[in-house]
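Undergrad: Dropping the structure in here first, questions after.
Readers should treat all values here as calculations from the given coordinates under stated rules, not as data from a laboratory. Being a predicted model, the structure only gives us computed values, none of them experimental. Cβ coordinates were reconstructed from backbone atoms using ideal geometry, including for glycine residues, and neighbour counts include every protein chain displayed.
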Amino acid sequence: MKEDRFEKFVRDNREDFDIHSPSPELWEQLNKQLKKSVSKHWTKSPWLKVAAVFVLAILGSGVLLNNYFSPSHQLHLAAKADPELQELIEAESYYAHEVDGRLKEIQKCYKLNPELKSEVEGDLEELDTMYNSLKNDLKDNVSNKEVIEAMIENNRYRLKLVDDVLSQINC
């Protein structure tokens, strides 16, 4: 293997590079600065470590308990067990998508018919209030078939409302 010219130069002139070395005063200053910065380090205190672990344990358990016992988590667990609840979740998603699409078409006509906005949104708000009331009833008794059917029917009314409005307006 051929030797590199730079390596040869460094090896041959090594003594010339070593003539300059830092003074002992400089080393003392560096040592003092290092000791100061190490003594300020807060992780040396065992109480801070214990407190940090304690805080993390409290926060972690709070997050876990909040997620596990939240109403949405319990509703999700109930939906897995109850096929009717699963049907409600699917129907809710379907109707929300359909109503939003048709509502966007209706909103294009608000400039031509300003009174249309208050009527449509008022009716939809009333249906939303009834739906939220049914949702609260469902939380009390998750397997109540009548409440689930009423919620699906509410979604059908919402879709029928926007369909009727779309068929009546011309814009």
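Undergrad: Please tell me which of these pairs span more than 30 angstrom C-alpha to C-alpha: Lys135/Lys160; Lys104/Lys145; Lys111/Lys160; Lys139/Lys160? Don't skip to the end; give the middle numbers.
TA: Numbers: Lys135/Lys160 20 Å; Lys104/Lys145 32 Å; Lys111/Lys160 23 Å; Lys139/Lys160 26 Å.
Violating the 30 Å Cα-Cα cut-off are Lys104/Lys145.
Undergrad: Also, quick follow-up: Answer rounded, prolate or oblate for region 125-165, using the Cα gyration tensor with square roots of eigenvalues a ≥ b ≥ c: rounded when a/c is under 1.5, else prolate when a/b is larger than b/c, else oblate. Provide the component values of the computation, followed by the final result.
TA: Values: a/c = 5.15, a/b = 2.02, b/c = 2.55.
Oblate, because a/c is 1.5 or more while a/b does not exceed b/c.
Undergrad: Right, next: Compare the Cα positions of Asn113, Tyr131, Tyr95 along the charge dipole of region 82-171 (+1 at Cβ of Lys, Arg; -1 at Cβ of Asp, Glu; about the Cα centre) and return the one farthest towards the positive end.
TA: Asn113
Undergrad: Using unit Cβ charges (K, R positive; D, E negative) and no other charged atoms, how large, in debye to the nearest 20, is the dipole of region 82-168 about its Cα centre? Present the calculation step by step, with values, prior to reporting the outcome.
TA: Values: 11 positive and 22 negative charges, 84 e Å.
So the magnitude is around 400 debye.
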